[in-house]
1. Of the residues that sit in the stretch A:62-88 and are surrounded by fewer than 16 Cβ atoms within 10 Å (Cβ to Cβ) and either touching a Cys at 6+ places or on another chain (Cβ under 9 Å) or assigned to a loop (DSSP other than H, G, I, E, B) (or both), which one is farthest from the other protein chains (Cβ to nearest Cβ)?
2. Could you tell me which numbered condition A:ALA129 fails, if it satisfies all but one of (1) within 13 Å of chain B (Cβ to nearest Cβ); (2) out of contact with any Lys or Arg (no Cβ under 7 Å at 6 or more places or on another chain); (3) crowded, with 21+ Cβ neighbours inside 10 Å?
3. Spot the failing condition for B:THR191; the list is (1) in contact with a Cys (Cβ under 8 Å, 6 or more places away or on another chain); (2) at the interface with chain A (Cβ under 10 Å from one of its Cβ atoms); (3) of a type in the set (S, T, N, Q), and only one is missed.
4. Would a scan of the stretch B:214-230 turn up a residue that is assigned to a helix (DSSP H, G or I) and more than 14 Å from chain A (Cβ to nearest Cβ)?
5. Please pick out the residue among A:GLY39, A:GLY49 that is surrounded by fewer than 16 Cβ atoms within 10 Å (Cβ to Cβ) and either out of contact with any Leu (no Cβ under 7 Å at 6 or more places or on another chain) or in a strand (DSSP E or B) (or both).
6. Please work out which residue is farthest from the other protein chains (Cβ to nearest Cβ), limiting yourself to the stretch B:114-148 and to residues that are of a type outside the set (Ser, Thr, Tyr) and free of Cβ contacts under 8 Å to residues at least 24 places away in the same chain.
7. Wholly within the stretch A:202-272, which strands (runs of 3 or more DSSP E) include no fewer than the required count, namely at least 1 residues that are modelled with pLDDT under 55, buried (at least 18 other Cβ atoms within 10 Å of the Cβ) and more than 20 Å from the chain's Cα centre (by Cα)?
8. Quick check on my filter: what residues within the stretch B:154-188 are buried (at least 16 other Cβ atoms within 10 Å of the Cβ), within 8 Å of chain A (Cβ to nearest Cβ) and assigned to a helix (DSSP H, G or I)?
Amino acid sequence: MYPHSNHQKDKPILDVRHVSVRYGGRAALENIIFHLHVGERIAVVGPNGAGKSTLFKVISGVLPPNSGEVTISGSQPTAHSCIAYIPQRSQVDWNFPVSVADVVMMGRSAKLGPLNWPKKRDWDFVNHALETVEIVNLANRQISQLSGGQQQRMFIARALAQEAELMLMDEPLTGLDTPAQEGLLDLLDTLREQKVTVMVATHDLEQAAKHFDRIMLLNKKIVAFGDPLKVLHSENLLHAYGGRFRTVEGTDGVLTVDDSCCDEGEHNSIYD
Amino acid sequence: MSFLFEPLQYEFMQRGMIAAVLVGIVCAVVGTYVVLRGMAFFGDALAHTILPGIAIGYLITGGARDALFWWALGTAVIAALGIGAISKQAAIKEDTAIGIIFAGMFALGIALISTVRSYAVDLSHFLFGDVLGVSAQSLWLIVVFGSIILLTVAAFYKEFLTLSFDPVLAATLRLPVNLLNNLLLGLIAVTVAVSLQTVGVALMVAMLVTPAATAFLLTKRLPMMMSLSAIFASLSGVIGLYLSYYLSIASGAAIVLTATAFFVIAFAWKRIKPA
């Protein structure tokens with residue numbers, strides 16, 4: 001009932017061509033061109049207001065671009081229910097009266113179709129997804145009782161229940177402590193085996209360099225896109241961040257930076 | 001026991017009791033979404049906005065109560081979809097736009113009704129309800145339309161849940177988001193029409209939000225919230241009517257005050273309960 005186009009195997013999972021978005025008169029994205037292959041893992045890095053969230057909204061088909069085109073395995077994003085957008089934790093109503101399993105089951109809504117209630121197969125999907133992200137013991141918890149890392153895992157489980165093939169994660173590492181971040185990044189390794197393509201928006205350049213196949217440096221335009229070692233040299237970073245960054249010599253010779261500007265109060269979660 | 005049974009010897013009390021319970025359940029279930037989605041102001045505005053529709057029906061039919069339901073229903077659906085459409089325009093803030101329309105329409109309704117000489121009594125019935133005046137035919141309308149509302153909420157349970165918790169997820173799953181939003185507005189509109197005679201337009205928002213908010217304090221699962229909300233609302237209807245009978249106070253106000261008392265108790269209990 002709900003649209004789901006077949007994937008053309010010879011087409012890239014994501015193809016973004018000449019996409020521009022403006023809010024009012026202000027450009028949010030300018031002439032974005034790139035494509036991704038199945039199973040790739042991309043970090044999207046850029047200062048606040050660089051257009052990371054906007055890019056994800058365009059890719060997921062929620063926001064139509066002012067010009068240009070996005071295709072998912074050969075057809076419009078709006079023809080697919082296989083794109084998962086994982087929101088920033090600060091944008092979620094954590095007091096909503098649902099359990100972890102309820103939230104993960106929401107991912108099945110499209111596959112279930114109208115007027116159908118979850119069947120055993122759907123509960124199996126939910127359980128399996130919770131096992132994959134290792135929070136099956138939290139299935140019946142109310143969502144406000146989760147830690148930051150567990151909240152992210154729940155949304156990844158929801159994406160798995162959705163049978164997502166392209167996962168867009170908006171700042172999943174922000175506000176997590178280091179062990180939780182490492183756990184989440186390890187989990188992304190597991191997803192790679194399932195041929196899920198992942199794009200992660202992040203502020204953390206060191207982790208981006210360590211854990212991702214390619215890095216996109218974004219500041220309304222694509223400043224650089226490719227191998228982490230090549231992308232993260234200071235000239236590119238200067239282009240992306242202007243003067244607002246401090247350089248730190250990273251562990252493997254990569255120049256890493258802290259975005260010394262505004263944090264948008266994202267470290268305010270009381271659940272960490 | 002005669003204390004409990006005495007009022008029920010009157011047929012109008014029996015009908016009023018049944019109406020109050022049914023309306024309570026319907027408002028409680030729909031009100032769950034009103035509370036979770038922060039639509040209390042919309043619900044209040046919608047209830048007030050239908051007054052001119054009722055007034056015109058009242059003037060045309062010469063005050064026939066059963067016909068007024070249809071006038072209320074028609075106006076409520078048009079008003080709900082109209083307010084929904086206006087909310088999407090960005091020229092002025094949504095709550096300001098709703099405020100302007102609802103106060104203007106409410107004033108128009110009062111103006112229309114005031115053209116009739118005996119308007120004070122009728123107006124107060126529209127504003128505050130007249131559950132003891134529910135006819136057998138009105139009761140049937142409540143049963144039929146209340147059932148339609150509850151069945152629709154059940155049929156689209158997972159869609160409404162997904163949309164309310166995470167609209168972006170609903171969009172990426174390609175659920176028909178606009179259709180579902182309008183369906184929910186329509187459900188609230190029908191609920192308002194069904195509840196008109198029980199609590200009236202001025203107190204309607206209390207039936208939509210108070211029992212649901214009480215339930216929200218006490219549970220963390222949606223089906224339980226709906227059930228508890230329905231229980232509080234029907235209890236409020238029954239207790240409110242007994243209070244109204246024995247204390248000779250207006251029935252709509254008595255029902256709403258009982259619902260408010262439940263909320264205050266739940267709120268206090270939450271506060272003093274050891275965490």
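The values are calculated or read from the model by the stated rules, or taken from the named source; none is laboratory data. Computed from a predicted model, the values in this text were never measured in an experiment. Here Cβ is always computed from backbone atoms with ideal geometry, including for glycine, and neighbour counts include all displayed protein chains.
1. Per the criteria, the residue is A:ASN66.
2. It fails just one condition, (1).
3. (2)
4. Step one: list which residues in the stretch B:214-230 are assigned to a helix (DSSP H, G or I), which gives B:214-218, B:222-230.
Within this subset, residues satisfying the condition of being more than 14 Å from chain A (Cβ to nearest Cβ) are B:230.
Checked the stretch B:214-230: at least one residue is assigned to a helix (DSSP H, G or I) and more than 14 Å from chain A (Cβ to nearest Cβ).
5. Details: A:GLY39 fails: surrounded by fewer than 16 Cβ atoms within 10 Å (Cβ to Cβ).
Within the list A:GLY39, A:GLY49, the selection yields A:GLY49.
6. Initial filter on the stretch B:114-148 (of a type outside the set (Ser, Thr, Tyr)): B:116-117, B:120-123, B:125-134, B:136-137, B:139-146, B:148.
So of that shortlist, the ones also free of Cβ contacts under 8 Å to residues at least 24 places away in the same chain come out as B:117, B:120-121, B:123, B:140, B:144.
Details: B:ARG117: 50, B:ALA120: 43, B:VAL121: 42, B:LEU123: 39, B:TRP140: 27, B:VAL144: 21 Å.
The qualifying residue farthest from the other protein chains (Cβ to nearest Cβ) is B:ARG117.
7. On the way: elements: A:214-219, A:221-226, A:245-249, A:255-259.
Passing ranges, in order: A:255-259.
8. Residues satisfying the conditions are B:LYS158, B:GLU159, B:LEU161, B:THR162, B:SER164, B:PHE165, B:VAL168, B:LEU169, B:ALA170, B:ALA171, B:THR172.
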